[in-house]
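Participant: Starting off with a structure, shown below.
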Amino acid sequence: MDTLTKIRDFIRNQAKVAAEDDLFTDDVDLLDYGYLDSFGTVALIELIDKECNVDLSNVDFYDAQFRTIAGIAAAVDERAGQKAS
Amino acid sequence: MKERDKRLRKVSHSYKLDRSLGDANADQCLYAAAFLIPGILDVKLSGDTWTFQTTHPVNPQLLDDRLAKIIERYTTAGASSEVLMELLPERVEDLPGLESSETLGQEIALGLNVFDAPFARIVRFLDDAMLRRFGPEFTPREEIYPNVIPMESLSRANHLSGFPEHLNFVSHLHSDVENLDAFAALASETILSAADNSKIQFAPTELVHNPSTCYHCYARRKNDDIKMDTAVTAITKCHRYEASNHSQLGRLMEFSLREVIFLGTPDYVRETRSRCLDIVAEMAREWSIFGSLVSASDPFFSSDYASKSTHQYRLALKYEYKALLPPHGAVSILSSNLHGPTFSKAFSITQNGRPINTGCIGFGLERFAFAILAQHGADSDHWPARLQADYKTWCANDPLS
């Protein structure tokens with residue numbers, strides 16, 4: 001499973017997003033629309049650490065690029081790539 | 001004699017505990033320590049030594065265990081406050097301070113004050129002045145709310161779980177003629193006090209004193225779909241029980257909270273917040289209200305404080321104006337908050353079918369008045385020019401002046 005799908009599925013489950021919710025896209029602002037809160041953020045950081053072996057500190061996590069699923073996935077892939085090389 | 005001094009005269013037990021704060025937030029720990037057990041009259045911290053004054057003997061080990069729990073709770077991951085603006089006097093020692101003022105009213109119980117003129121007039125002036133500054137900018141609709149709110153509304157908003165220590169419940173007598181007659185007979189025989197509670201049958205509690213004004217705004221819009229971005233303003237008397245912390249100046253149990261509340265798209269709520277902070281900074285400079293506009297977090301009492309607090313700091317959800325309260329300390333006189341979709345989700349409020357964001361700015365009017373008196377004195381002739389001019393213009397049209 002790719003990173004994007006992993007993160008999207010996790011947030012969908014965590015925030016109990018309804019299947020018919022068409023606002024829930026890879027580019028929606030997760031914080032503005034309540035798909036991530038303080039608990040969700042902590043849980044997502046743990047998931048990424050465990051499943052992707054990438055440590056996203058809180059400082060990184062609140063940057064603008066981490067407010068969307070696409071942004072988080074890109075950042076995780078980039079950090080994983082840096083580790084591999 | 002002040003209520004705090006009266007209470008301290010009843011001190012019969014004193015306990016010293018050695019426990020290091022480590023990385024914990026000292027202010028939060030000291031504040032929360034007042035709630036460790038019933039009967040704490042005073043808490044002091046010097047170095048690693050905590051001193052508790054209590055009304056009755058307690059088990060020091062129990063006190064220490066609970067203190068350890070609180071210190072662990074308020075150990076955070078290093079989120080730090082951001083200073084947006086700061087306005088300081090040349091010398092804090094030159095400010096008059098509150099102790100020299102004779103205008104602070106009468107403390108009738110811990111945290112409950114009766115205020116007289118000119119304090120009462122300054123509070124009315126400040127409310128009017130806030131409306132004049134924020135009204136034209138946001139054209140809020142005015143609403144009148146009760147001073148109490150159903151417990152169910154606060155439960156939906158997660159206030160009950162986040163701030164259990166502040167709640168002040170309201171109840172009436174159990175509606176049974178026998179119970180009412182028994183109560184009336186008891187009341188006619190004696191001056192009732194808390195010691196008589198066991199003889200009284202209260203009805204189950206359904207209402208709580210407002211901890212904040214804005215909850216009514218969301219609760220009344222439950223299941224609504226609002227058609228456009230909306231600003232609302234209201235003022236209520238709010239209650240927050242703070243145990244022995246009420247002995248600190250400015251920490252009233254009941255206070256007047258004027259709020260302007262914003263409901264709409266995330267962009268609208270963010271833009272109004274940005275404008276609110278500009279107006280606050282402008283007002284502080286014009287009136288020479290010494291203090292600083294800083295990011296803050298709510299004093300969540302729950303065990304998830306660290307994650308909630310970090311979340312608030314990192315997303316800059318809360319700003320406060322901490323006004324100097326000379327000779328020592330500072331007090332928050334207003335706060336500007338972004339809630340994201342927290343309350344719209346709790347109350348199912350949408351805008352054209354989409355979840356909305358909410359935000360608010362709230363002014364603690366008595367604290368604001370304390371700050372003016374402490375910084376500039378009770379004689380308005382000696383206030384900074386713009387503050388003095390605004391106050392005198394307002395007084396000229398005040399039917400009570």
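The values are calculated or read from the model by the stated rules, or taken from the named source; none is laboratory data. Every value quoted in this text rests on a predicted model; they were computed, and no experiment measured them. Here Cβ is always computed from backbone atoms with ideal geometry, including for glycine, and neighbour counts include all displayed protein chains.
Participant: Restricting the search to region A:16-37, which residues are of a type in the set (A, V, I, L, M) and either away from chain B (no Cβ under 11 Å) or surrounded by 14 or more Cβ atoms within 10 Å (Cβ to Cβ) (or both)?
Facilitator: A:VAL17, A:ALA18, A:ALA19, A:VAL28, A:LEU30, A:LEU31, A:LEU36, listed by residue number.
Participant: I need the full set of residues from region A:39-49 which are at the interface with chain B (Cβ under 7 Å from one of its Cβ atoms) and surrounded by fewer than 20 Cβ atoms within 10 Å (Cβ to Cβ), in order please.
Facilitator: At the first step, the residues of region A:39-49 found to be at the interface with chain B (Cβ under 7 Å from one of its Cβ atoms) are A:39, A:41-42.
Listed by number, the residues that qualify are A:PHE39, A:VAL42.
Participant: Just one of the numbered conditions (1) touching a residue at least 60 places away in the same chain (Cβ under 8 Å); (2) farther than 16 Å from B:GLY162 by Cα; (3) within 11 Å of chain A (Cβ to nearest Cβ); (4) not in a strand (DSSP E or B) is not true of B:PHE343; which one?
Facilitator: (2)
Participant: Hey, B:SER348 hits all of (1) among the polar types (S, T, N, Q); (2) within 20 Å of the chain's Cα centre (by Cα); (3) within 14 Å of another protein chain (Cβ to nearest Cβ) but one; which does it fall short on?
Facilitator: All conditions are met except number (2).
Residues are listed down the side, and each one gets a yes or a no for (1) farther than 22 Å from A:PHE39 by Cβ; (2) touching a Lys or Arg at 6+ places or on another chain (Cβ under 7 Å):
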| position | (1), (2) |
| --- | --- |
| B:ALA316 | no, no |
| B:TYR319 | yes, no |
| B:ILE333 | yes, yes |
| B:SER336 | yes, yes |
| B:ALA346 | no, yes |
| B:ARG367 | yes, no |
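Participant: B:VAL280 versus (1) free of Cβ contacts under 8 Å to residues at least 12 places away in the same chain; (2) away from chain A (no Cβ under 14 Å); (3) under 27 Å from A:ASP63 (Cα atoms): which is the lone unmet condition?
Facilitator: With respect to (1) free of Cβ contacts under 8 Å to residues at least 12 places away in the same chain; (2) away from chain A (no Cβ under 14 Å); (3) under 27 Å from A:ASP63 (Cα atoms), B:VAL280 is out only on (1).
Participant: Considering only residues that are outside any strand (DSSP E or B), of a type in the set (Ser, Thr, Tyr) and modelled with pLDDT of 90 or more, which ones fall in region B:8-49? Let's see the steps before the verdict.
Facilitator: Within region B:8-49, the first condition is being outside any strand (DSSP E or B), and the residues that meet it are B:8-12, B:19-23, B:25-39, B:47-48.
Next, from what is left, pick out any that are of a type in the set (Ser, Thr, Tyr): B:12, B:20, B:31.
Listed by number, the residues that qualify are B:SER20, B:TYR31.
Participant: So, B:LEU67, is that one closer than 28 Å to B:ALA296 by Cβ, modelled with pLDDT of 95 or more, surrounded by 18 or more Cβ atoms within 10 Å (Cβ to Cβ) and not β-branched (Val, Ile, Thr) or not? So that I can check it myself, show each step before the final result.
Facilitator: Details: closer than 28 Å to B:ALA296 by Cβ: yes; modelled with pLDDT of 95 or more: yes; surrounded by 18 or more Cβ atoms within 10 Å (Cβ to Cβ): yes; not β-branched (Val, Ile, Thr): yes.
Yes.
Participant: On to the next question. Taking the options A:ASP2, A:ASP55, name whichever one is within 14 Å of chain B (Cβ to nearest Cβ) and either over 17 Å from B:PRO266 (Cβ atoms) or crowded, with 18+ Cβ neighbours inside 10 Å (or both). Walk me through how you get there before you give the answer.
Facilitator: Details: A:ASP2 fails: within 14 Å of chain B (Cβ to nearest Cβ).
Criteria check complete, one pass: A:ASP55.
Participant: Turning to a different aspect of this structure: Take the conditions more than 30 Å from B:THR265 (Cβ to Cβ) and within 23 Å of the chain's Cα centre (by Cα) and apply them to B:ARG367. Does it pass? Before the answer, list the steps.
Facilitator: Details: more than 30 Å from B:THR265 (Cβ to Cβ): yes; within 23 Å of the chain's Cα centre (by Cα): yes.
Spelling it out, B:ARG367 is indeed more than 30 Å from B:THR265 (Cβ to Cβ) and within 23 Å of the chain's Cα centre (by Cα).
Participant: Just wondering, is there one or more residues in region B:167-177 that are buried (at least 20 other Cβ atoms within 10 Å of the Cβ), assigned to a loop (DSSP other than H, G, I, E, B) and at pLDDT 95 or above? Spell out how you get there, then give the answer.
Facilitator: Initial filter on region B:167-177 (buried (at least 20 other Cβ atoms within 10 Å of the Cβ)): none.
No, region B:167-177 has no match at all.
Participant: Among the residues of region A:28-65, count how many are among the hydrophobic types (A, V, I, L, M, F, W, C), out of contact with any strand residue (DSSP E or B) (no Cβ under 8 Å at 6 or more places or on another chain) and at pLDDT 85 or above.
Facilitator: Keep residues of region A:28-65 that are among the hydrophobic types (A, V, I, L, M, F, W, C), which gives A:28, A:30-31, A:36, A:39, A:42-45, A:47-48, A:52, A:54, A:56, A:59, A:61, A:64.
The next check asks that each one be out of contact with any strand residue (DSSP E or B) (no Cβ under 8 Å at 6 or more places or on another chain); those that pass are A:28, A:30, A:36, A:39, A:42-45, A:47-48, A:52, A:54, A:56, A:59, A:61, A:64.
Filter once more, keeping what is at pLDDT 85 or above: A:28, A:30, A:36, A:43-45, A:47-48, A:52, A:54.
Count: 10.
Participant: Which condition from (1) under 30 Å from A:ASP22 (Cα atoms); (2) of a type in the set (Val, Ile, Thr); (3) surrounded by fewer than 21 Cβ atoms within 10 Å (Cβ to Cβ) is the one that B:THR393 breaks?
Facilitator: Looking at each condition in turn, B:THR393 falls short on (1).
Participant: Then there's this: For region B:364-386, does any single residue satisfy the condition of being part of a strand (DSSP E or B) and modelled with pLDDT of 90 or more? Even if it seems obvious, please write down each step before you answer.
Facilitator: Going residue by residue through region B:364-386, those that are part of a strand (DSSP E or B) are B:364.
Right, trim to modelled with pLDDT of 90 or more and you get B:364.
Yes, region B:364-386 contains a residue that is part of a strand (DSSP E or B) and modelled with pLDDT of 90 or more.
Participant: Can you list the strands (runs of 3 or more DSSP E) found entirely within region B:58-159 that contain at least 3 residues being within 30 Å of B:ALA346 (Cβ to Cβ)?
Facilitator: Because the criterion is at least 3 residues that are within 30 Å of B:ALA346 (Cβ to Cβ), the strands (runs of 3 or more DSSP E) in region B:58-159 that meet it are B:148-150.
Participant: Out of all the residues in region B:327-340, which are touching a Leu at 6+ places or on another chain (Cβ under 7 Å) and either within 11 Å of chain A (Cβ to nearest Cβ) or surrounded by fewer than 20 Cβ atoms within 10 Å (Cβ to Cβ) (or both)?
Facilitator: Applying the first criterion (touching a Leu at 6+ places or on another chain (Cβ under 7 Å)) to region B:327-340 yields B:330-331, B:336-338, B:340.
The answer is B:ALA330, B:LEU338, B:GLY340.
Participant: Going through B:SER46, B:SER80 one at a time, which residue ends up being in contact with a strand residue (DSSP E or B) (Cβ under 9 Å, 6 or more places away or on another chain), loosely packed, with under 12 Cβ neighbours inside 10 Å and of a type in the set (S, T, N, Q)?
Facilitator: Working: B:SER46 fails: in contact with a strand residue (DSSP E or B) (Cβ under 9 Å, 6 or more places away or on another chain).
On inspection, the qualifying residue turns out to be B:SER80.
Participant: Something else: For region B:305-326, enumerate the residues that are more than 19 Å from B:LEU338 (Cβ to Cβ) and either outside any helix (DSSP H, G or I) or within 7 Å of chain A (Cβ to nearest Cβ) (or both).
Facilitator: Of everything in region B:305-326, those that are more than 19 Å from B:LEU338 (Cβ to Cβ) and either outside any helix (DSSP H, G or I) or within 7 Å of chain A (Cβ to nearest Cβ) (or both) turn out to be B:ALA323, B:LEU324, B:LEU325, B:PRO326.
Participant: Could you tell me whether A:LEU23 is in a loop (DSSP other than H, G, I, E, B) and either over 22 Å from B:ASN158 (Cβ atoms) or of a type in the set (A, V, I, L, M, F, W, C) (or both)?
Facilitator: On the way: in a loop (DSSP other than H, G, I, E, B): yes; either over 22 Å from B:ASN158 (Cβ atoms) or of a type in the set (A, V, I, L, M, F, W, C) (or both): yes.
Spelling it out, A:LEU23 is indeed in a loop (DSSP other than H, G, I, E, B) and either over 22 Å from B:ASN158 (Cβ atoms) or of a type in the set (A, V, I, L, M, F, W, C) (or both).
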